[in-house]
Amino acid sequence: MDVSRPYTVVVYIDNTSEGNAAAEYACALCLKFKVKYRLIFLYVVALYRRTGLSLINRQTDQMNADIREDADNAMIRCKQFLSRFESLVTYEWISVKDEGSAGPIMVNFIADSLHSPVDLVVVGKSTNSGIKKLVGGDVSDHLLDNLLCPVMVVKNQFDVSDDGN
């Protein structure tokens, strides 16, 4: 690692207990760093893809409008959750809206748009991955399979203690 650049941690955050656990873990981790860090919270809005059929596109556009509205509300709740860490760690908030599933959108954003190396990605592990795999995949599984950097998968319950020290 180039010591002149910060250690970059990207956290996939959503308005779930798993997303909150990932955020909390990443903040606790950054508090322990003895080096300069860059902490990025990435919120992904995954929209339905438009087709070449206008009738279907009207329905898709309406569903995407609902998704955007739900995402705006969820982002407000995520930012409220993160506000408890504002005095402890510095972080950036990035939201990405694109068509497709959250996992591929995040991989593409990290590869194409972040413009700096990522040292670690932190993501929460969903407990209901059976259904998610059928309808677009589990984000943590997709990140593990497709990112070239280390991925930390955080369960809803975790311990960030370092044996009392």
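The values are calculated or read from the model by the stated rules, or taken from the named source; none is laboratory data. Here the structure is a predicted model, which means the values were calculated and not measured. Using ideal geometry, Cβ is built from the backbone for each residue, glycine included, and neighbour counts are taken over all protein chains shown. To get the accessible areas, we keep the full protein, side chains included, count just its heavy atoms, and leave off ligands, DNA and RNA. Shrake-Rupley method; radii C 1.70, N 1.55, O 1.52, S 1.80 Å.
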> Considering only residues of the stretch 124-148 that are surrounded by fewer than 15 Cβ atoms within 10 Å (Cβ to Cβ) and of a type in the set (D, E, K, R), which is modelled with the highest pLDDT?
Replying inline: D145
> Of these, R50, R68, which one is on the phi < 0 side of the Ramachandran plot and either of a type in the set (S, T, N, Q) or more than 17 Å from the chain's Cα centre (by Cα) (or both)?
Replying inline: R50
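Evaluate the following for A71: is it at pLDDT below 95 and farther than 17 Å from A28 by Cβ?
Answer is no for this residue.
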> Quick check, is K34 over 26 Å from S113 (Cβ atoms) and open to solvent by 20 Å² or more (accessible area, probe 1.4 Å)?
Replying inline: yes
> touching a residue at least 40 places away in the same chain (Cβ under 8 Å), touching a Phe, Trp or Tyr at 6+ places or on another chain (Cβ under 9 Å) and closer than 20 Å to D138 by Cα: does that describe A46?
Replying inline: no
> So which residues in the stretch 103-123 are touching a residue at least 24 places away in the same chain (Cβ under 8 Å), part of a helix (DSSP H, G or I) and either over 16 Å from A22 (Cα atoms) or open to solvent by 60 Å² or more (accessible area, probe 1.4 Å) (or both), if there are any at all?
Replying inline: P104, I105, V107, F109, I110
> When the stretch 65-101 is examined, which residues are found to be open to solvent by 80 Å² or more (accessible area, probe 1.4 Å), over 30 Å from R50 (Cα atoms) and in a helix (DSSP H, G or I)?
Replying inline: Q80, R84
>> Given (1) buried (at least 17 other Cβ atoms within 10 Å of the Cβ); (2) assigned to a helix (DSSP H, G or I); (3) within 17 Å of the chain's Cα centre (by Cα), identify the lone condition not met by T60.
In response: (3)
